[in-house]
Structures are given as structure tokens and as C-alpha cells.
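FYI, it's all coordinate maths here, none of it is from the lab. Values in this document were obtained by computation on a predicted structure and should not be read as measured data. Positions of Cβ are generated from backbone atoms using ideal geometry, with glycine treated the same way; all protein chains shown enter the neighbour counts.
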Amino acid sequence: MKEPKASVARILKPNLGFQALFEGTVAASAADVNTEKIPFFEWPDRQPPVVRDPLAGKPGFDPNLLAYVPVPKGATLQLYIPFVARDSRSSVGAPAYYRYWVAFRDMSLAYSNQLIQQGQGSQSHLPYQSFGRPDTTSGTPVPRYIINAGLHSVGVHQPEPAPWFTQGGGLIVATKLANELNLHPEPLVPQQMPVLPVLISAGVRGIHQQGQSDPNVAERANAAGGTWFELVAQGDQMLIAVDRMFTGLEGATPPTSANWTFAVDGIDQAFGDIYGMEDGETEPSPELGIYLYVIEH
């Protein structure tokens, strides 16, 4: 039996300047499609990412094609999502729950062949080199190769249809026999349930982690509060994008704003401190973000 092979951690986090870019845009909405979801890119070798795909703008590819993270299709992906610990100096009372949407896309043979010509490796599982539907946004049809993207989803069974039964001596058949399996996008929502530092001797507590945030200012910085999650790579590439769970309290006061608010005492201050500039001043730490491990079998 072949032993599984695990990769070293790959760091995923937003691009530089995301706090200024998203400040004031919609973070939480009762309608999921209305939120501005912050994309997470791979930071290779501690360097900020290139947000566009290597082939963006090349013939057959949109100039704004996003840079997804290459993953081996069918491999096990392990994600470590940091615990967004509220700053103890903040007056924000309620915690914020963030939703991590995982998208996968498959690449065509045309994509992998062109990337190989640029000296870069790529896998593909769409055996096509022909064009799909063109982009007519400019008024002139522009050829586009086929790339499909979809969200990690979960199947939810509907209530079981009524069985056959008799009434008044006659056999009555239920009008509906099918039982649908509805597919819903399944964002990952880490719950705020940290395991706090534990007693190891009288008055002394052993900490679980360090270096994620400053324990002098970040509430529960030394707790085991991060979340591990495992899923299968459903495409050749992956992208995680994040918004905030809607609670119904948005809009009442600044701490419960429906918009992204990264300023001091804003509801998203801790999110910005971990993934971006701390207090809007200190440069982002390239090592802090979502950790992605690829396990090939």
C-alpha cells in the first residue's frame, strides 16, 4: 500500500491593500450574491501574489482571469483556518462569523498546453483545445477557451414523499414519488470555540500556540482556536473567498455594520489584523493566513 505524501504548508491570504479596497463594501447580506467576498491567493516564497492568472490577457483568455491555486485533482486537501481572535482593546461585543467559500475549476487542454509553452507546468482535465462561447462585452466577439468554475457543495435531501395509502376502500397514489437531493454551496464557517490555555501547575497555564497574534492585545491569542478541515480537490485549481455571516443585526450600530469595517473598533478589525495590516499600519506577515496541505495518495 502506498503511503500518502503530504506537502509542506502553502500560505493563502488576500492581496496587499485588501483592507482599503474592501472597506465600506457589503460584507454580510441576507442575499449571499450581494456580498463582496475577499479572495485568498497563494503567497509563494513570502511574496505577495499576482492576482491574475498567468495566461490572463493572452489570446483566448480574459484579461482579468483570476489566479486560482493549482491543486492535484482528487487529492485530499487539509485547510487550517486561523481563529479570528477579537482584540481585547476593542469595544465590539459580538463576535463575527466568517464564511469561507471554496471554488474549484477545471482547466482545458488548451490552457495547459499554452502554460507549458511559457515554461510552466499545469494539469488539465477538459480534453478540449477548441473555443467555447465568445465574450461579446465589447460589441465584438472575442474568442474564449473553456474553463469552468463551481462551488464546493453539499447535498440536502428533501422530506420523503408521502407513501401509497388507502382511503374509503380505494388505493391512492402519492402525487410525487421522487425525493430530490438539493445541492447547496457549502461555505466553511469556523465557530468560535477555542480551547483556552490549561493549568500545568499552580497558577501557571500552558499555551497552545504562539506567533499567530499578540497575546498582549488579542483576546485568546494563545488558545487552540484555529479550525482544521479536510476535503477532496474537485478541480485542477482552487480559490477561497470570504464574506461575513448575516445575523440580522447589521446596520444597527457601527460594530454590527453590514459593510467591511477594518478600522480600530470595527467589527472586522481582527480579520484585518490577521490577514492584512495590523491596526492598519504594520505590514502583513507573509506566514499568517490559511495553511493549505495537499495529501496525495
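Side notes on the structure shown:
- With the convex hull drawn around the C-alpha atoms of the chain, the volume per residue stands at 271 Å³.
- If you plug the beta carbon distance of H297 and A202 into 1/(1 + (r/R0)^6) with R0 = 51 Å, you get a FRET efficiency near 0.60.
- Going by neighbour counts of Cβ atoms within 10 Å, the residues V154, V102, V51 line up, fewest first, as V154, V51, V102.
- Most mobile of S130, S213, S108 in a GNM of the chain (Cα contacts under 10 Å): S130
- Exposed loop sites, defined as GluC sites (Glu not before Pro) outside DSSP H, G, I, E and B with at most 13 other Cβ atoms within 10 Å, are absent from the longest region of the chain, namely 1-179.
- Ranked by how many other beta carbons lie within 10 Å on average, peptides 121-128, 239-246 from highest: 239-246, 121-128
- Pairs of lysine residues in the chain - Cα separation under 28 Å, sequence separation of 8 or more or cross-chain: 9
- Calculated FRET efficiency for the pair T25/V142, C-beta based, R₀ 35 Å, to 0.05: 0.75
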